[in-house]
1. Looking for something within 14 Å of another protein chain (Cβ to nearest Cβ) and surrounded by fewer than 21 Cβ atoms within 10 Å (Cβ to Cβ) - is there at least one such residue anywhere in segment C:36-48?
2. What number of residues within segment C:252-299 satisfy the criterion of being out of contact with any Phe, Trp or Tyr (no Cβ under 8 Å at 6 or more places or on another chain), among the charged types (D, E, K, R) and touching a residue at least 40 places away in the same chain (Cβ under 8 Å)?
3. If you go through segment C:179-191 one residue at a time, do you hit one that is open to solvent by less than 10 Å² (accessible area, probe 1.4 Å) and either under 27 Å from the mean Cα position of the chain (by Cα) or modelled with pLDDT under 90 (or both)?
4. Return the residue satisfying two criteria in turn: it lies in segment B:41-54 and is open to solvent by 70 Å² or more (accessible area, probe 1.4 Å) and part of a helix (DSSP H, G or I), and of such residues it is nearest to residue B:90 (Cα to Cα).
5. Specify which of the listed residues (C:221, C:217) is touching a residue at least 12 places away in the same chain (Cβ under 8 Å), of a type in the set (D, E, K, R) and open to solvent by less than 10 Å² (accessible area, probe 1.4 Å).
6. Taking only segment A:75-97 into account, find how many residues are over 19 Å from residue B:129 (Cβ atoms), at the interface with chain C (Cβ under 9 Å from one of its Cβ atoms) and open to solvent by 20 Å² or more (accessible area, probe 1.4 Å).
7. Can you give me the number of residues within segment B:82-116 that are farther than 23 Å from residue B:148 by Cα, out of contact with any Lys or Arg (no Cβ under 7 Å at 6 or more places or on another chain) and in contact (Cβ under 8 Å) with a residue 40 or more places away in the chain?
8. Looking only at residues that are in a loop (DSSP other than H, G, I, E, B) and in contact with a Leu (Cβ under 8 Å, 6 or more places away or on another chain) in segment C:199-220, which one is farthest from the other protein chains (Cβ to nearest Cβ)?
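The values are calculated or read from the model by the stated rules, or taken from the named source; none is laboratory data. Note that the structure is a prediction, hence the values are computed from the model and not measured. As a convention, Cβ positions derive from the backbone with ideal geometry for all residues, glycine included, and neighbour counts pool all protein chains shown. Heads up: the accessible areas ignore ligands, DNA and RNA and are worked out on the full protein's heavy atoms, side chains in. Shrake-Rupley method; radii C 1.70, N 1.55, O 1.52, S 1.80 Å.
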Amino acid sequence: MADTTGTGPLGAFFKGMAVTGRQFIATVFGKGLVTTKYPQEMREKPQRFHGRHVLNRYEDGMEKCIGCELCAGACPARCIYVRGADNPDDRPVSPGERYGFVYEINMLRCIFCGLCVEACPTEAITHTRLFEMSTTNRADAIYTKTELLVDEEGRPNHMFETDRLADFDELGEADGWMRATAPQGRAAYEGQVSWSGSAGVGVRPPEAGQSDLPEEAGEGDGEDRA
Amino acid sequence: MARLSTPPHLLTTTLGKAMRWAQTRSMWPATFGLACCAIEMMAAGTAHHDLARFGMEVFRASPRQADLMIVAGRVSQKMAPVLRQVYDQMADPKWVISMGACASTGGMFNNYALVQGVDQVVPVDVYVPGCPPGPQSLIHGILTLQDKVMSGELAR
Amino acid sequence: MSAADRSMVSLTIDGEAVEAPAGDLLIKAAEDNGAYIPRFCWHPRMNPVGMCRMCLVEIETPRGKAIIPSCMQPVNDGMVVHTESAAAKKAQEGVLEFLLLNHPLDCPVCDKGGECPLQDQTMSYGPGESRFVEEKRHFAKPIPISDLVLLDRERCILCARCTRFSDEISGDPLIEFHHRGGDTQVLTFPDEPFTSYFSGNTVQICPVGALTAVPYRFRARPWDLQVAESTGVVHTEGSRLAVHASQNQVLRFLGVDNGATNQGWLSDKERFGFEFIGSPDRLRTPLIREGSGFREAGWGEALDLAGERLRAVIAEQGGGAVAALGGARGTNEDAYALSKFMRTAADSNNLDAQLGDGLEARFLAGLAGRGRIDDLESARTILLWGPDLKETHPILYLRVRRAAQERGASLVIFHPRRTGLDDRAAHKFTYLPGTGPEVLARFAAGEGEFRAAREAMDEGPLAALVGRPGLAEAPRLAESVAAFARRRGGSILPLVHRGNTFGALDMGAAPDLLPGRVTTATDGSAPDLVAAWGDLPVAPGLDALGIAEAAAAGEIGFLILCGSDPVRDMAGFDGGAALSGAGFVLAIDLFLTDSSRRADVVLPALGFAEKKGTVTNLEGRVQMVNRLVPGPGQARADWSVLDDLSARLGRPIGLASEEDITAEIARVAPAYAGVTWDYLEWEAREGAVVPLEGAVQPLRYEPQHADLNGESVGRESGNFSLHLARTMYDDGVMVRHSPSLSRLAPDAAAYMTPAYAASIGLAEGDEVEVPLVAGAVTLPVRFDPTLHEGAVYVPFNQPGMDIRFGVDGPSGGVS
């Protein structure tokens, strides 16, 4: 090989290794590292991320789901199975006459399109930013009310040991997709109780940027609340 | 295949652990991208997610050199025998990850053209829900697989 | 009257010149000509009322344009109508906005959501937004107005469909508008629930979710229902209905408008009787007797055992020792298989679809002068001598009521007690059970109080509905009445109880009949049948009572029960004794009934909505029933069971599928020539009345007047005449396994007039012992002043009545 630089074989070696070394130092000690350290660190996911579903509650602990099956009707993969039942008079499960007696989602069928979230009239079902759902058998992928329903504090259930990887801090924030598709998501509704967060109870902060929108962009003058 | 963890003698358990550790840390995937999930699978191999961290960056085009088949995408009825053949050509020990809704159950394509779940064709070890699952979801699936292999549950 | 009989008028609808029959309402004329006008209150089968104002259209009048409700406006010649003009649109939008003022919009929890006319029309014709910001009206919701129907007054839009239905159509006006103005609401009368036999229809026609049905409440939403059209087999009228199922579970029936039969209505028993299909008590595997109980077995083992015993019985005792009861609860295909099995494999004529409670088989199958239900529309006079239609033939009841009420047909009723049609009857005669022949003779002669009614018989077209008023009444009486009507050229509709009795008899499920309305004395009238079936048994067969008697005497070695329950359902003989006496009993059934509990082998059968086939109604109309859900467990269709059994006898009957059987029937049964699935599904949308044009019916049975004076039993001192009659809800298998219906049956009681009770020293609530054929039964006394003096009415097969077998004579003594 002709030595075109005139530094000799050893010089070429050091020159090449210098590049490697510079990159090494830049990645390890500087800002050049592009690799996300996933199991150790979570990537910050967008607000409208379509992750695992949860069934929400009202602040008083009542379930939001009324078993209307609109989510099941909207689902293009037909992965949702809902059955309604009469609310027991003495211990109502949800406000009103009817509650979701059976609620099952086959996560392996689900395509995470969010049409169920759009269809839900009570914002009972929302996406979270949880994405860790891998299972070793098909039965575990069918999430029933036990897995879907948030607990009294609004935290989704721990299902598997692997849930240790979940970032539960993120769940306190609003579900962007629900905001983006429901009338209640408009800026005019900020602070309403129905603005519960994706995975919990009570009033949550809105999706970033939503409340800064000009009035007309939000279209929400409150009229269609009736 | 008998599990290496039985009977529980000191030497064999320790050796078994070592073998399983070796298996999990060099699980080479076969390239089996079938649809959009494959894009995410490829993304998982890029620098951003860097499957090399788990010793898995070497996607092998030859099934003989692969340990793990990631079925990434919808499996048509015509692809099913091909898929099975590739699986059969892989050397033991071998594992299968069914990536995404279509591979796992057919997803929204509940029709005659698609296999409604690749587990009808090959034994699946880990199912990864998602449409498509992001690279991190896939990595979670891989970690699940590695956990299970390490614990002896899926050891071959 | 069909449209062709009327003169046509020309009018312009939305700029298009159209023609419509004079007298038609504008809303109907527009719809027939492709311009749909939105509506809530107008229903094609009910009189218009103009309540909802949704159908406002603009018409041009000499004084300018006017907005009028098109459901109250008959078409006129030269009329110019705009259904979509700006003014009409504004009017419709205004009406919808108004209707929605107080509507709660709780669609997500409303059973009607997804199939709601108010939703649909709000989408299509609504204004899009409301100016109403005040609080809506509130009522307690929902309130039960009967055991089957719930009322949510918030949702009601006051269209008066339900109140008009119960007033005009079903004739029990138990719901009505109360209060005025904004407080107007539909309610029942105090302490009087909406206990109509037809209440389910109001749920179906309610254009909002104000009326909902208890059995369907929150069970499913319209978008996850699968639908198949089928034909009801609960009653003999062949009601067309749609079966709705979700997740392989039948969840409701809706009436389908077949103009020739049910016109969209269903009785509650038919509508809510779906519950038995998914009952957890259904049989799932074959059962073989073991000691006092059963053990589960495989099909092969059970059939082998039955086949072995049957082969032995035939070899040792001949075909005469084999008998079969049933067939009237299944399809024609099942009945044909049973008939073919008995005749060719078992070599026996001992089979009967009726259980001693019906009429003569030849009279039912081959009746000359058999009418159609539609004859009621043109009849001047309707003679009803038979059971209370409201209890046993609810669709005929609606049709007769409509004819008497809307067209003024004079209705003449003979019955021992009040009937549901009494308020529309021109002449009603309450007579003592057992004296029917004498009453008929006096009526035919036009004596005394019968003169006016007798004269009505000759006034014009006559339709006669004949059956047994009670199970204690001689069956031949109905034939005498039919003979009387036939002499007057009347069209005759025979009335029997079980849903597909007519189909079963047409398939030869009677000792003296063969498929296609042929008698067993084949005189060359059915060459194809003989060719296909080969040698037929020559020994005359026994009917149900004969079979039961022979079985009790130990002469029947092998008894097949095909969906029949003689222990509870047999009138005139103790079915239990018959089963105990039979050598081997094979039951093919849906449930372990009191009869199949005594069988040696029980095989699980497919039921309604689980098999496809054809059924025949009382006028001979053949319609399809359809499959929508799989059967429970290993249940199989009757025909395939019999086919397998015949193969084990070495005499296969060679049936392969339901469609093949129908094709075979069309080939070999003369009266059923041409009736194939293709024909029924594609050409005869309202069903086909057999025989079709070109087909022959070999048996034409002229009803004969029978001299029954010898059988007539007069009232003797201290004795009473028994009126034993069926009610809509009883303790039958289907009702018992339908939780919503089972609690509706009236309790067992002995009804009598107060005067008669006083004369024998009884008060209301006392216990009285009523002797029946196989023992006495003790019943509480209740008063019914509508009975004939001296008659005692006992409803048949009621819960709490331990002895169900009927009577052998119409009289007995009170002890």
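1. No, that holds for no residue.
2. 4
3. Within segment C:179-191 (the criterion being open to solvent by less than 10 Å² (accessible area, probe 1.4 Å) and either under 27 Å from the mean Cα position of the chain (by Cα) or modelled with pLDDT under 90 (or both)), the answer is no, since none of the residues qualifies.
4. Among those that are open to solvent by 70 Å² or more (accessible area, probe 1.4 Å) and part of a helix (DSSP H, G or I), it is B:42.
5. C:221
6. Residues in segment A:75-97 being over 19 Å from residue B:129 (Cβ atoms), at the interface with chain C (Cβ under 9 Å from one of its Cβ atoms) and open to solvent by 20 Å² or more (accessible area, probe 1.4 Å): 5 in total.
7. 3
8. That would be C:207.
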